[in-house]
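Presented below is the structure to which this report refers.
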Amino acid sequence: SKTVELAKLDKKHLLHPATNPKALIDNGPPIIFAKGKGVTVTSTDDVEYIDGMSMLWNVNLGHGNQELADAGNSQLSTLAYASSFKGFSNEPSILLAEKLAELAPGDLNSVFYTSGGSESNDTAIKLARFYWELKGKSEKRKIIALTNAYHGVTIGAQTATGLAAYHKFASSNIDGVVRATAHLLNSELGDKSDPNYADSIRGTIEREGAETIAGIIIEPVQGAGGVNIPPEGYLEAVRKICDEHNILFMADEVICGFGRTGKMFGVNNWNVVPDMMSIAKGITSGYSQLGGVMMNDEIRETIANFDAVIPHGFTYSGHPTACAIGLKNIEILERDNIIDHVNEMEKELKKGLDYLAEKHIIVTNCRVIGLLAAFELYEDPTSGKLFDPTVFPANAVVDACFERQLILRALGANNQIVAIAPPLIINKEEIEKMIQIIDDSITAFKNTRN
Ligand code: PLP
């Protein structure tokens, strides 16, 4: 069959990202996607799956959206690509920049375009350091990044990533990234008696010296680190620390941006305005590769006064087709009140997870913000006993879901977290179907253990 032929070629010629290459050689790709419509994708074998992860948290308007395709096609046949170097410009990139400035919080009125999230975070790190150099404070160059953070895999972004496996990979790290523990509210409020104070952002700044720190990079809600929603008051406390110490607040909105959390941006869930913001993924719903770093007027004006070429930028910075799709994507988000819909569907997803937690003792720590959600699997949640690591409980449940034609993702250092992030256009019936499949999959997992 076509699938068998393609699988053979895949095994021979492809090295997949974030994949165990040995397992792939043994088993071949678990699926070869052929097409998609709404919240579903169909394999080359004609099996239809619910895409419970919006692929990689990015296909926010769902698959097969004709308007996005038309916007891309129209731009492709008008001016597919144009350089943005040496001040060359193009209409979609200008109009999208204006739209982003309108949507972004505070005075984040400018954007530097990239082609994805990792490039955005590397760019944010460079621009933060450059900003302080221009302010005559070139010793301010360290970046504080948090435990369990995921910022991407280019070398700067990877160093900022707080998941151990990434740091081991090919020993590729940059200098000047310091780690602080995520979400320690009392220590961030200045409580030095808190046992975690030394590892908190405050403690880290005290140890390193504020005069050495350029910025703090934070996902408003951590994604790949386990869908970790910060406690109330946390991001405000971080904003306050940044203000006290003249440190840039760099929000990584790559997953959270464009409606995923029930607001346009993740930070809009709290009362904070960052100084810089990395965006990607949901800006085009994955219909084209686009990212960017937004910055406030102070940073923009400081950099704009630099009277020499800035030696940074990508071939695809300001890509007209990607920007045209981004513009259409935002137009649809607003026109169709997608964010209101996300907030309605958040309630349904919450209801579903509550039902699972009630029915299955092993399900715990359910969390939902917008359509970004997770639950955890513990052998005994009451005593906090995890499953034996050799069980890989989240993989087992995610695999059981896949057999039942639902795509989810396993996360967590103990493989205990199952993430759910469906397209923002999902409806109530589709959420119920998803919950039913998870319910059956957890039952199947429990049966294998009896
Ligand atoms: N930042 C966050 C929060 C992400 O979730 C991701 C990707 O998952 C990235 C950055 C990296 O983005 P990309 O894979 O487009 O380079």
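The numbers here are math on the coordinates, done by the rules we state, and not lab data. As the structure is a prediction and not an experimental result, all values here were calculated from the model. Because the Cβ atoms are built from the backbone with ideal geometry, glycine has one as well, and the counts that use them run over all protein chains shown.
For segment 56-65, what does the Karplus curve 6.51 cos²θ - 1.76 cosθ + 1.60, with θ = phi - 60°, yield as ³J(HN,Hα) per residue in whole Hz, taken in order and with x for Gly and Pro?
So the J values, rounded to whole Hz, are 10, 6, 10, 7, 5, 8, x, 8, x, 6.
Mind checking which of Asn329, Ala237, Leu6 is farthest towards the positive end of the chain's charge dipole, using Cβ charges of +1 (Lys, Arg) and -1 (Asp, Glu) about the Cα centre?
Result: Leu6.
Could you tell me the calculated FRET efficiency between Lys12 and Ser193, based on Cβ-Cβ distance and R0 = 51 angstrom, to the nearest 0.05?
Computed FRET efficiency for Lys12 and Ser193: 0.25.
What does the charge dipole of segment 255-332 about its Cα centre add up to, to the nearest 20 debye, if the Cβ of each Lys and Arg holds +1 and the Cβ of each Asp and Glu holds -1?
460
In debye, nearest 20: dipole of segment 67-335 around its Cα centre with unit charges on the Cβ of K, R (+) and D, E (-)?
540
When a/c reaches 1.5 or more, the comparison of a/b and b/c decides; with that in mind, is segment 397-450 rounded, prolate or oblate per its Cα gyration tensor? List each step's numbers first, then the result.
Values: a/c = 2.59, a/b = 1.39, b/c = 1.86.
In terms of gyration-tensor shape, oblate.
Highest mean first, what order results for 349-357, 417-425 on Cβ atoms within 10 Å?
417-425, 349-357
From largest to smallest, what semi-axes in whole angstrom does the chain give when each is the square root of 5 times an eigenvalue of its alpha carbon gyration tensor?
After diagonalising the Cα gyration tensor, the semi-axes are 34, 29, 21 Å.
Sum up the lysine pairs in segment 1-116 that clear both bars: alpha-carbon distance under 29 Å and a spacing of 8 or more or different chains.
Pairs that pass both the separation and distance tests number 16.
Report the label-to-label distance for Lys135 and Val47 in nanometres (one decimal), using points 7 Å from each Cα along the Cα→Cβ vector.
5.4
Using the Cα centre of the chain as origin and beta-carbon charges of +1 (Lys, Arg) and -1 (Asp, Glu), tell me which of Ile25, Met434, Ser138 is placed farthest towards the positive end of the dipole.
Most positive-ward Cα: Ile25.
Determine which lysines satisfy two conditions relative to Lys135: a Cα distance under 18 Å, and not lying fewer than 8 residues away in the same chain.
Straight-line reach from Lys135, under 18 Å: Lys126.
Mind checking which of Ile417, Val111, Phe375 is farthest towards the positive end of the chain's charge dipole, using Cβ charges of +1 (Lys, Arg) and -1 (Asp, Glu) about the Cα centre?
Of Ile417, Val111, Phe375, it is Ile417.
So between Glu102 and Asp388, what do we pick up on full extension, going 0.36 nm a residue minus the alpha carbon distance?
Between Glu102 and Asp388, full extension yields an extra 98.0 nm.
Quick check: residue separation of Phe33 and Lys446 times 0.36 nm, minus the Cα distance between them. What number comes out in nm? Each step should come with its number before you reach the end.
Values: separation 413, 0.36 × 413 = 148.68 nm, distance 2.97 nm.
Computed gain between Phe33 and Lys446 is 145.7 nm.
Rounded to the nearest 0.05, what FRET efficiency do Glu432 and Glu334 have when you use their Cβ-Cβ distance and R0 = 25 Å?
Working: r = 28 Å, r/R0 = 1.10.
Calculated value: 0.35.
For the ranges 390-399, 16-25, 165-174, what's the packing order if you count other beta-carbon atoms within 10 Å of each residue, average per peptide, and put the highest first? Before the final figure, lay out the partial values.
On the way: 390-399: 19.2, 16-25: 10.3, 165-174: 12.1.
My ranking of the peptides, most packed first, is 390-399, 165-174, 16-25.
By DSSP, what percent of the beta bridges with both residues in the chain are antiparallel, rounded to the nearest 5? Each step should come with its number before you reach the end.
Values: 32 of 49 bridges.
Here the share of antiparallel DSSP bridges comes out near 65 percent.
For segment 141-224, run through the GluC sites (Glu not before Pro) and keep only the ones in DSSP coil with at most 14 other Cβ atoms within 10 Å of their Cβ.
Here no GluC sites (Glu not before Pro) fit, given the DSSP loop and packing criteria.
Sort 304-310, 427-433, 120-126 by the packing proxy (mean of other Cβ within 10 Å over each peptide's residues), most packed first.
Packing order, densest peptide first, comes out as 120-126, 427-433, 304-310.
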